[in-house]
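The next block holds one structure in the form of structure tokens; read it before the comments.
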Amino acid sequence: MTEPVSKPIRVLIVDDDAMVRAGLSMILGGVGDLEIVAEAGDGSEVPPLVAEHRPDVVLMDIRMPGVDGLTATEALRATSSPPEVVVLTTFHADAQVLRALRAGAAGFLLKDIAPGDLVQAIRKVAAGEPILSPAVTRQLITHVSDGGAGERTDRARKLLARLSEREREVALAVGQGRSNAEIARELYMSVPTVKAHVSRILTKLDLNNRVQVALLVYDANG
């Protein structure tokens, strides 16, 4: 019996630098389980390209002269069944990167990332895993001041209060960067039960992914 062939991960590349787009296409184009479905040079081109090509992952430059990556990310994540967004940047700690993560981006990558690490990151995001470590998240929050910290703390605490005690324990573990398997071991539950709790947390709090849960936990801690 022939094994079913899994569909390639469909990728949209968005960057205003043609050389960067060419480099990314060259790196990713030779990977068997990835497919470059389209390229864009500005955020304004993203919605129609996403509607036409239905990518699984969008590699999004954060700084573009027309519609920037932050605006494009916020617009995408507000739609139904949006693709995962990975922000491309040259900065470790940047206010726009943090805002993109708050808007629902699954993580960010530095543009000088090694090709193999880039491929693995895309695979992880396509599988529903965030690519942002808790240490990097803390660095962003600590070093980037984008205002409204007090309001965010109050809002985060009110949102977390909607959760059951068990759900709050799972949310805290997600904020600490624990995997589902690690959470299961620490809280003495099965992995499917952890997944169910995470799904309920995302639904109750109207969040897109685990990165946003982690950010909410950090905000609540003030």
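The values are calculated or read from the model by the stated rules, or taken from the named source; none is laboratory data. None of the values given here were measured: they were computed from a predicted structure. No Cβ is skipped: glycine too gets one built from the backbone with ideal geometry, and neighbour counts run over all protein chains shown. To get the accessible areas, we keep the full protein, side chains included, count just its heavy atoms, and leave off ligands, DNA and RNA. Shrake-Rupley method; radii C 1.70, N 1.55, O 1.52, S 1.80 Å.
Some points to look at:
- Among Ala156, Ala196, Ala103: highest mean-square fluctuation, GNM of the chain, C-alpha pairs under 10 Å: Ala196
- Note on the stretch 1-131: Cα convex hull, mean projected area over all directions, 8.2 nm².
- Column: log10 I(q)/I(0), Debye, Cα scatterers of the stretch 1-75, q = 0.20, 0.21, 0.26 Å⁻¹: -0.80, -0.87, -1.20
- Aspartates and glutamates with Cα under 20 Å of Lys158, excluding same-chain neighbours fewer than 8 positions away: Glu167, Glu169, Asp206, Asp219
- Spatial extent of the chain: Rg and Dmax, with the Cα atoms as the point set, Å: 17.8, 60
- Cα lying deepest toward the dipole's positive end in the chain, options Leu172, Leu70, Ala105, charges on Cβ: Leu172
- Max mean-square fluctuation residue, GNM over the chain, Cα-Cα springs under 10 Å, options Arg21, Arg200, Arg185: Arg185
- Relative packing of peptides 169-176, 82-89 - highest average C-beta neighbours within 10 Å first: 82-89, 169-176
- Accessible-area composition of the chain, carbon plus sulfur, in percent [1.4 Å probe]: 53
- Accessible area of the chain divided out per residue, in Å², using a probe of 1.4 angstrom: 51
- Here the dipole of the chain is about 1000 debye; that uses its Cα centre as origin and unit charges on the Cβ of Lys and Arg (positive) and Asp and Glu (negative).
- When the chain is treated as a GNM with alpha-carbon contacts under 10 Å, the residue of Gly107, Gly41, Gly30 showing the greatest mean-square fluctuation is Gly30.
- Selected from Leu118, Asn209, Leu49, residue furthest toward positive end of dipole (the chain; charges at beta carbon): Asn209
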